[in-house]
Amino acid sequence: MLKCEVCGKPADKHHIVYKSQGGIEFQLNFRYLCSCHHRGDTGPHKNRKLDLEYKLNMQSQLEKILIKEFYLIEELEALLNINKGVIKRILKKYKLYDNGYKKSDIIFRLMGLKKYDEQSFLGNEDLKEKSNTFDSNIKSKKL
């Protein structure tokens, strides 16, 4: 039985890069969370900061694992424990060089066609602050 990484209760598999974002089934893309920590108010589905934190962590792990600039499908299969057919399917739009696929292309694709950085957090906090200010202005105008 899977246990929540936060509290130890029975857990579901949370995809860090959601399937709707292009995420695939492989170990680095999972966190095990109970229903409260998965879809509750403090979970990654409702807490954008936590969602971004999980994504940055996954991207960082990929960068540490993929230390070379190019990889063959067989190497990716062994390093990331992803089915060869899945790797071929997700990388078919990328150029295959003589020495393999580019590390940056691989990570970009596994992250759902996005590159995350610390600015993601800052942009999210700015957006949240503007949203709160906007909401406050609307409420005060209604009063």
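Just so it is clear, none of the values below were taken in a lab; they were calculated from the coordinates. From a predicted model like this one, the values you see are computed outputs, not experimental measurements. Neighbour counts are summed over all protein chains in view; Cβ atoms, including those assigned to glycine, are modelled from backbone coordinates with ideal geometry.
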Fill in: Amide H partners (placed H, <5 Å) of Met111, local residues excluded
none
Discussion item. Quick check on my link table: of Lys13/Lys68; Lys46/Lys102; Lys9/Lys68; Lys19/Lys103; Lys3/Lys93, which ones sit more than 32 Å apart, alpha carbon to alpha carbon?
Written reply: Lys46/Lys102; Lys9/Lys68; Lys3/Lys93
Fill in: Residue-by-residue Karplus 3J(HN,Hα) for the stretch 3-14, coefficients 6.51, -1.76, 1.60, Hz, glycine and proline x
10, 4, 5, 8, 10, x, 6, x, 10, 10, 8, 9
Worksheet item: Around Val6, which amide H atoms from residues at least 5 apart in sequence, or from another chain, sit under 5 Å from its own amide H, with H modelled in the peptide plane?
Response: Cys34
Fill in: 3J(HN,Hα) from dihedral phi, the stretch 62-73, Karplus parametrisation 6.51/-1.76/1.60, rounded to Hz, x for glycine, proline
4, 5, 6, 6, 8, 8, 8, 7, 9, 9, 7, 4
Worksheet entry | Calculated diffusion of the stretch 1-69, Stokes-Einstein form, Kirkwood radius summed over Cα pairs, 20 °C and 1.002 mPa s, µm²/s | 171
Practice prompt. Pull out the extension gain between Leu79 and Lys13, defined as 0.36 nm times the separation in residues minus the alpha carbon to alpha carbon distance; nm, one decimal.
Written response: 21.6 nm
Practice prompt. Report the label-to-label distance for Lys92 and Gln21 in nanometres (one decimal), using points 7 Å from each Cα along the Cα→Cβ vector.
Written response: 2.5
